[in-house]
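A.B. asks: I am attaching a structure below and will ask some questions about it afterwards.
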Amino acid sequence: MKLSLSRRAQMTPASPIRKLYRYADAAKQKGIHVFHLNIGQPDIPTPREFFSMLKKYAKGVVPYAPSSGFPKVIEAWRTYYRHLGIRLSAQDISITTGGSEAIYFALLAVADPGDEIVVLEPVYTSYVIYAKMFGIKLVPVTLNIRDGFHLPSHKALVGAITPRTRAIVICNPSNPTGTVFTKREIDIVAGIAKERGLFIIADETYREIVFTKKKAISFLSLAKVRDNVVLVDSASKRFNMCGARIGCLVSRNKSIMASVLKFSQGRLSSPFLEQLAVMPLLRNSGQFTHHLIHEYRGRRDAVIRGLSGIPGVSAYSPEGAFYVIVGLPVKDADHFCQWMLQKFHYHEQTVMLAPAEGFYVTPGKGKNEVRIAYVLSAPKLSHAMMILRRALEVYIRAVH
Ligand SMILES: Cc1ncc(COP(=O)(O)O)c(C=O)c1O
C-alpha cells in the first residue's frame with residue numbers, strides 16, 4: 001500500500017527565508033563567499049554573562065524545568081517588564097521555547113480550524129506556517145511600500161473582519177518591514193479589538209531596536225485591552241542568542257494562561273540551562289541592549305545608502321528591527337535570488353536575500369520584492385549592496 005502524508009503536511013509552505021539554502025551551500029562548495037542577508041541571525045556577540053551562568057552549573061544532571069518556567073526566571077522577566085513600566089504578576093508569564101513557541105501557543109489558544117485571523121502583510125512567515133498547520137485562515141490587510149508599510153485606513157482594517165475572526169496579529173517593530181507603528185496606529189488596532197471582541201496577538205520581539213525618537217509602544221501598556229492582549233516575546237534578538245531558544249508568552253487573560261499551561265505541559269519543558277542563563281540579562285537588560293540602536297541604525301543607513309544608488313529599486317527608511325523590504329526592477333525576485341547564488345559572483349562573492357513573495361498571504365503579491373536582514377557590519381553591508389547593484393546590472397541584461 002502507498003503511504004500518504006496528511007494534507008496539513010502537504011499544504012504547509014517552506015520558509016522563504018531558508019528555502020534557497022541548498023543553492024547557497026552549492027555556491028560555498030565552489031569557493032564563493034555568500035553574504036547572508038536572508039535570515040535574522042545577527043553577528044553581534046552574545047553577552048558574556050550568559051556563558052558564565054552556563055559554566056557555573058555544577059549539578060550532574062540536566063532535568064526538566066517546570067512547564068511554564070522556573071519561578072525565578074519568571075521573576076526575572078517581571079523585572080525586565082517593570083523596567084519598561086509594565087507591571088505583571090507571575091501568573092501572567094509563561095516561559096516558552098523561543099518566541100516561536102509563544103506564537104504557536106497563542107494561535108492555538110485563540111482560534112480553531114476554520115477560524116480567521118487578520119494579519120498585516122507582508123507578514124512574519126512563522127504566522128503563515130503555523131496557521132497552515134492549524135487550519136486557521138489568515139486574512140491579510142495589505143500594507144504598502146510607499147507608506148513605509150504603515151497601517152491603511154480604519155475602514156480597510158475593519159473590512160477584513162468577519163464573524164469568524166478571532167484575533168489580529170501585529171508585529172511591532174515589524175519583521176519583515178522594520179515599521180514601528182505609531183501611538184495612533186496602536187490605538188486604532190486596540191479600539192477595533194475591543195469593539196469587536198478580538199484578541200490581539202502582539203509580537204514585540206524587536207521592542208528595543210527603534211531608531212525614531214519615540215519608543216515602540218507595548219500593547220501591554222494599554223489598560224483597555226488588558227484581556228485581549230496575548231504578547232509574544234523573545235530573548236533571541238535583543239540579547240543575540242537565537243540558538244538558546246528562550247522566549248515567553250504574556251497575557252493578563254486568565255483563560256489564555258490556563259490554556260497555555262496545558263499546551264506547555266504537553267511539551268514538558270523549555271530549555272533548562274538556557275532559561276536560567278538568560279536571568280542576568282533580563283534583570284539588567286538596558287546594559288545589554290543600549291548599543292543595539294546605534295549599531296543597527298548605522299547598518300540600516302549603510303543599506304539604504306547602498307540601495308539609493310541602484311536604478312529601479314524602491315525602498316524606504318525602516319524605523320526599527322533590522323529588516324527592510326525592497327522592490328527590485330525584476331519580474332521574479334525568487335528567480336533573481338536563486339540566480340545570484342547559482343549563476344553570479346563578483347570576485348568570488350555573492351549575496352543571499354529572502355524573496356518577499358513568501359511574506360505575503362495574497363497570492364502573487366511581493367513578486368518583485370526581497371527582504372534584506374541587515375545583520376552584518378556596516379562596511380560588509382555597503383559591500384554587499386555594491387554586489388547587489390552589479391548583480392542587477394548583469395541579470396537585467398541577461399534575463400529581461
Ligand atoms: C517577529 C518575530 N517573532 C518571533 C520570532 C521568533 O524568535 P525566536 O523563536 O528565536 O525566539 C522571530 C524570529 O526571527 C521574529 O522575527
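The values are calculated or read from the model by the stated rules, or taken from the named source; none is laboratory data. Keep in mind that what you see is a predicted model, and the values were worked out from it rather than measured. For neighbour counting, all protein chains shown are included, and Cβ atoms are generated from backbone atoms with ideal geometry for every residue, glycine included.
For (1) touching a strand residue (DSSP E or B) at 6+ places or on another chain (Cβ under 7 Å); (2) within 15 Å of the ligand (Cβ to nearest atom), each residue gets a yes or a no:
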{"residue": "E49", "(1), (2)": "no, no"}
{"residue": "S52", "(1), (2)": "no, no"}
{"residue": "Y64", "(1), (2)": "no, no"}
{"residue": "R87", "(1), (2)": "no, no"}
{"residue": "G99", "(1), (2)": "yes, yes"}
{"residue": "A131", "(1), (2)": "yes, yes"}
{"residue": "V139", "(1), (2)": "yes, no"}
{"residue": "T142", "(1), (2)": "yes, no"}
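A.B. asks: Checking the conditions here, which among I192, I161 is in contact (Cβ under 8 Å) with a residue 24 or more places away in the chain, part of a loop (DSSP other than H, G, I, E, B), away from the ligand (no atom under 16 Å from the Cβ) and of a type in the set (A, V, I, L, M, F, W, C)? Walk me through it before giving the result.
C.D. replies: Numbers: I192 fails: part of a loop (DSSP other than H, G, I, E, B).
When all the criteria are applied, what remains is I161.
A.B. asks: Tell me, yes or no, whether the stretch 31-53 has at least one residue that is assigned to a loop (DSSP other than H, G, I, E, B), touching a residue at least 60 places away in the same chain (Cβ under 8 Å) and touching a His at 6+ places or on another chain (Cβ under 8 Å).
C.D. replies: Scanning the stretch 31-53, I find at least one residue that is assigned to a loop (DSSP other than H, G, I, E, B), touching a residue at least 60 places away in the same chain (Cβ under 8 Å) and touching a His at 6+ places or on another chain (Cβ under 8 Å), so the answer is yes.
A.B. asks: On the given criteria, is G286 modelled with pLDDT of 95 or more and either surrounded by fewer than 16 Cβ atoms within 10 Å (Cβ to Cβ) or more than 16 Å from the ligand (Cβ to nearest atom) (or both)?
C.D. replies: Details: modelled with pLDDT of 95 or more: no; either surrounded by fewer than 16 Cβ atoms within 10 Å (Cβ to Cβ) or more than 16 Å from the ligand (Cβ to nearest atom) (or both): yes.
So G286 fails the test.
A.B. asks: Further question on the same structure: From the list A14, A24, which one is of a type in the set (A, V, I, L, M), in the same structural domain as P363 (by TED's automatic domain parsing) and modelled with pLDDT of 95 or more?
C.D. replies: Working: A14 fails: modelled with pLDDT of 95 or more.
Only one candidate qualifies: A24.
A.B. asks: Report yes if R238 is assigned by TED's automatic domain parsing to the domain that holds A65, within 16 Å of the ligand (Cβ to nearest atom) and in contact with a Pro (Cβ under 8 Å, 6 or more places away or on another chain), otherwise no. Don't jump to the end; show me each part of the working.
C.D. replies: Numbers: assigned by TED's automatic domain parsing to the domain that holds A65: yes; within 16 Å of the ligand (Cβ to nearest atom): yes; in contact with a Pro (Cβ under 8 Å, 6 or more places away or on another chain): no.
Considered against the rule, which asks whether it is assigned by TED's automatic domain parsing to the domain that holds A65, within 16 Å of the ligand (Cβ to nearest atom) and in contact with a Pro (Cβ under 8 Å, 6 or more places away or on another chain), R238 comes out as no.
A.B. asks: Could you check the stretch 38-47 and list, in sequence order, the residues that are surrounded by 13 or more Cβ atoms within 10 Å (Cβ to Cβ) and more than 14 Å from the ligand (Cβ to nearest atom)?
C.D. replies: Going through the stretch 38-47, the residues surrounded by 13 or more Cβ atoms within 10 Å (Cβ to Cβ) turn out to be 38-42, 44, 46-47.
I44, P47 - these are the residues of the stretch 38-47 that are surrounded by 13 or more Cβ atoms within 10 Å (Cβ to Cβ) and more than 14 Å from the ligand (Cβ to nearest atom).
A.B. asks: Something else now. Can you work out which of the residues in the stretch 109-133 that are of a type in the set (A, V, I, L, M, F, W, C) and in a strand (DSSP E or B) is surrounded by the most Cβ atoms within 10 Å (Cβ to Cβ)? Before you say what the answer is, go through the steps one by one.
C.D. replies: In the first step, residues of the stretch 109-133 are kept if they are of a type in the set (A, V, I, L, M, F, W, C); the result is 109-111, 117-120, 123, 128-129, 131, 133.
Checking the rest, the ones that are also in a strand (DSSP E or B) come to 117-120.
Working: I117: 25, V118: 25, V119: 24, L120: 27.
Per the criteria, the residue is L120.
A.B. asks: Tell me, which residue of the stretch 351-391 that is of a type in the set (A, V, I, L, M) and assigned to a strand (DSSP E or B) is farthest from the chain's Cα centre (by Cα)?
C.D. replies: Initially, the stretch 351-391 is screened for residues of a type in the set (A, V, I, L, M), giving 351-354, 356, 361, 370, 372-373, 375-376, 378, 381, 384-388, 391.
Imposing the further condition that a residue be assigned to a strand (DSSP E or B) reduces the set to 351-352, 354, 370, 372-373.
Values: V351: 21, M352: 18, A354: 13, V370: 15, I372: 13, A373: 11 Å.
Only one residue fits best here, namely V351.
A.B. asks: Please go through the stretch 242-259 and pick out each residue that is within 22 Å of the chain's Cα centre (by Cα), more than 9 Å from the ligand (Cβ to nearest atom) and surrounded by fewer than 23 Cβ atoms within 10 Å (Cβ to Cβ).
C.D. replies: Of everything in the stretch 242-259, nothing turns out to be within 22 Å of the chain's Cα centre (by Cα), more than 9 Å from the ligand (Cβ to nearest atom) and surrounded by fewer than 23 Cβ atoms within 10 Å (Cβ to Cβ).
A.B. asks: Could you please find all residues in the stretch 60-102 being among the aromatic types (F, W, Y) and more than 22 Å from the chain's Cα centre (by Cα)?
C.D. replies: Passing the criteria: Y64, F70.
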